Amino acid sequence: MNPAKRDNDEAARAADSRLVHDFGLLIKAATRLEHRIDTALRKECQVSHTMFEVLIRLCRHPDEEISQRRLADDLTLTSSGITRLIDRMEGAGLVRRQPAPGDRRSVLVETTDHGRAVFLRAAAVHAQVVERYFVTPVPPADYGRLTRSLGQIETALRDS
């Protein structure tokens, strides 16, 4: 067999493998769901999905001091990326920065009253989209197994 044909056949088999296909389904579904959420949040609440993720972290434990650096780590953003994002959120009145007590280099971020109100509206929009496109398409008997499996994947990635 011609080496080029053999390589083409082998590449076609690899590209058509079950693992490539299954992982592609996961990525496509996650990407499309994230796009639907982002579109709905922008339209209904004038915030991006990433801004909503910041508000989740800030509202989850309102008395906890959360630094801009920690937000960057949680959201896998660069230092400049989180700075620009918090700048936009501060400009929209969603959050405010505070100097960290005892650490001149660190900045704490907290929600404003307006930010909490926007978060509550955004949480309802987010829940509607997730219910429609993530929960409803999955048979109820499979939903728990799906979420447990996703949790196991996340744990394996985090712990490795």
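The values are calculated or read from the model by the stated rules, or taken from the named source; none is laboratory data. Keep in mind it's a predicted model, so treat the numbers as computed, not measured. Quick reminder, even Gly has a Cβ in these numbers, built from the backbone with ideal geometry, and neighbours come from all protein chains shown.
Summary of values
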quantity: Test result for ARG104, of a type in the set (D, E, K, R) and in contact (Cβ under 8 Å) with a residue 12 or more places away in the chain; calculated: no
quantity: Residue in the stretch 38-57 that is surrounded by the most Cβ atoms within 10 Å (Cβ to Cβ), counting only those that are assigned to a helix (DSSP H, G or I) and aliphatic (A, V, I, L, M); calculated: VAL54
quantity: Qualifying residue in the stretch 62-78 (condition: touching a Phe, Trp or Tyr at 6+ places or on another chain (Cβ under 8 Å) and surrounded by 13 or more Cβ atoms within 10 Å (Cβ to Cβ)); calculated: no
quantity: Among the candidates VAL109, VAL129, VAL135, VAL118, residue that is of a type outside the set (D, E, K, R), more than 30 Å from LYS28 (Cα to Cα) and within 19 Å of the chain's Cα centre (by Cα); calculated: VAL109
quantity: Filter result (crowded, with 16+ Cβ neighbours inside 10 Å and closer than 24 Å to GLU154 by Cβ) within the stretch 79-98; calculated: ILE82, LEU85
quantity: Checklist (1) of a type outside the set (Asp, Glu); (2) in contact with a strand residue (DSSP E or B) (Cβ under 8 Å, 6 or more places away or on another chain); (3) modelled with pLDDT under 90 applied to ALA15, failing item; calculated: (2)
quantity: All positions within the stretch 58-85 that are part of a loop (DSSP other than H, G, I, E, B) and either under 21 Å from HIS114 (Cβ atoms) or at pLDDT 95 or above (or both); calculated: HIS61, PRO62, ASP63, GLU64, GLU65
